[in-house]
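Colleague: What follows is a single structure, and I will ask about it in a moment.
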Amino acid sequence: MMQQQGSIVKRLDRQTRSAAAGRDSPARRASTEKQYVTVRTLEREEAVEKKLKLLRGSLFGKPIMKFQVGQVTDVWVPYCYLEYRFIVERSILFKKKGLEKNGEVGLVFDMNEMHPFQYDLYESGQLPLKKESLGKEKKIIRSENAMDEVKAKAEDYIQYKIMRKFYGAEGKLALKRNVLFYRPAVELEIIYKGENKNQRYAYLDEFSVDSEHILGLKYRVDNHF
């Protein structure tokens, strides 16, 4: 098993160089304009090893899931960071007007797989991003989804997972900040039972360290009335 994982890591440079040389269509061509990106903190070999270990699982020191790894590609994965102001009224028994609460809530949206993660503004502050050119060495995953769809899904998520959960009612939302950004990653083609293929991503930024080990980012809303 360790020998197989080592051979996968060694294939990274060879496969990604070959892929970059063989693909030059406009849809896959990297942009020369600077984009917001997360800060890279991991070497890709280390990130791939951690991801494969996570996918395989472990029981008494032995891997649970068996699969093969096909194509390995360096990529930029598109995300969107949204901040909303909210106003919500919490009903109080025997009172016509309830307590009004206002604040801010953050959300990170995976535009490749079209699902959100809650982001704790109070504990983590604004998402740290920097600007740089993506270059032509890595494949840029293009999102075919319109921003209107992203915002609609994000707001539904906030209403049902935060407003209703904490306050028992839907709130009024106003978009304060909307930033498109990319995360550096290695795209792994995972093949189960020799035929079932899907894509998994080993992220190279610190942002992934939290989100890989829990189902969604932890969140906390200031709920003191």
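Colleague: Within the range 179-192, does at least one residue satisfy the condition of being at pLDDT below 90 and not acidic (Asp, Glu)?
Modeller: The first filter runs over the range 179-192 and keeps only residues at pLDDT below 90, leaving 192.
With the extra rule that they be not acidic (Asp, Glu), the set shrinks to 192.
Yes - at least one qualifying residue is present in the range 179-192.
Colleague: Of the residues that sit in the range 54-65 and are part of a loop (DSSP other than H, G, I, E, B) and touching a helix residue (DSSP H, G or I) at 6+ places or on another chain (Cβ under 8 Å), which one is nearest to ILE190 (Cα to Cα)?
Modeller: MET65
Colleague: Just name the residue that is modelled with the lowest pLDDT out of those in the range 45-74 that are more than 17 Å from the chain's Cα centre (by Cα) and closer than 29 Å to GLU144 by Cβ.
Modeller: PHE67
Colleague: Given the conditions (1) of a type outside the set (D, E, K, R); (2) crowded, with 18+ Cβ neighbours inside 10 Å; (3) at pLDDT below 80, which single one is not true for VAL77?
Modeller: Every condition holds for VAL77 apart from (3).
Colleague: Taking the range 84-109 only, how many residues are within 18 Å of PRO128 (Cα to Cα), out of contact with any Pro (no Cβ under 6 Å at 6 or more places or on another chain) and at pLDDT below 90?
Modeller: The number of residues fulfilling the criteria is 4.
The values are calculated or read from the model by the stated rules, or taken from the named source; none is laboratory data. For clarity, every value in this text was computed on a predicted model and none was experimentally measured. Note that we place each Cβ from the backbone using ideal geometry, even for glycine, and neighbour counts take in every protein chain shown.
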